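Scroll down for the structure; my scribbles are underneath it.
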Amino acid sequence: PRSILQWNVGSHRDISHESLSLFRLLEPQIEILVLGTGDKVERLHPTTLKQMRECGIAVEVQDTANACATFNFLMNERRVVAAGLIPP
């Protein structure tokens, strides 16, 4: 619940089903993955998002500043959430 892990992603172009495997392995299973894609919201491949939904994980894609705020809000609601953040 309170872990920090290094995610080997340099830009939104590196986000794939494989790079998101880390989040599918977490215990307890997360409900929501908040992705911060840097200075601006970047579109991810629809197949990647669909694959995460099929695993039972909702994905919210935002710029990193808003992703941090969303993550903190969801944590305060005691949701099982994780964040993948690319620095702006």
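The values are calculated or read from the model by the stated rules, or taken from the named source; none is laboratory data. Remember, predicted model here, so these are calculated numbers, not experimental data. Cβ atoms come from the backbone with ideal geometry, glycine included; neighbour counts cover every protein chain shown. Accessible surface areas use protein heavy atoms only, side chains included; no ligands, DNA or RNA. Shrake-Rupley method; radii C 1.70, N 1.55, O 1.52, S 1.80 Å.
Numbers below:
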| item | result |
| --- | --- |
| Sites Ala58 and Ser3 - FRET efficiency at Förster radius 22 Å, r taken between beta-carbons, to 0.05 | 0.65 |
| In Å², nearest 10: area of Lys50 left accessible to a 1.4 Å probe | 110 |
| The chain: relative contact order as a whole-number percent, Cα under 8 Å and 6+ apart | 37 |
| Over the chain: helical MRE at 222 nm, DSSP H runs n ≥ 4 each giving -39500 (n - 2.57), nearest 500 | -8000 deg cm²/dmol |
| q = 0.13, 0.15, 0.22 Å⁻¹: log10 I(q)/I(0) that the Debye formula gives for the chain, counting C-alpha atoms only | -0.36, -0.49, -1.13 |
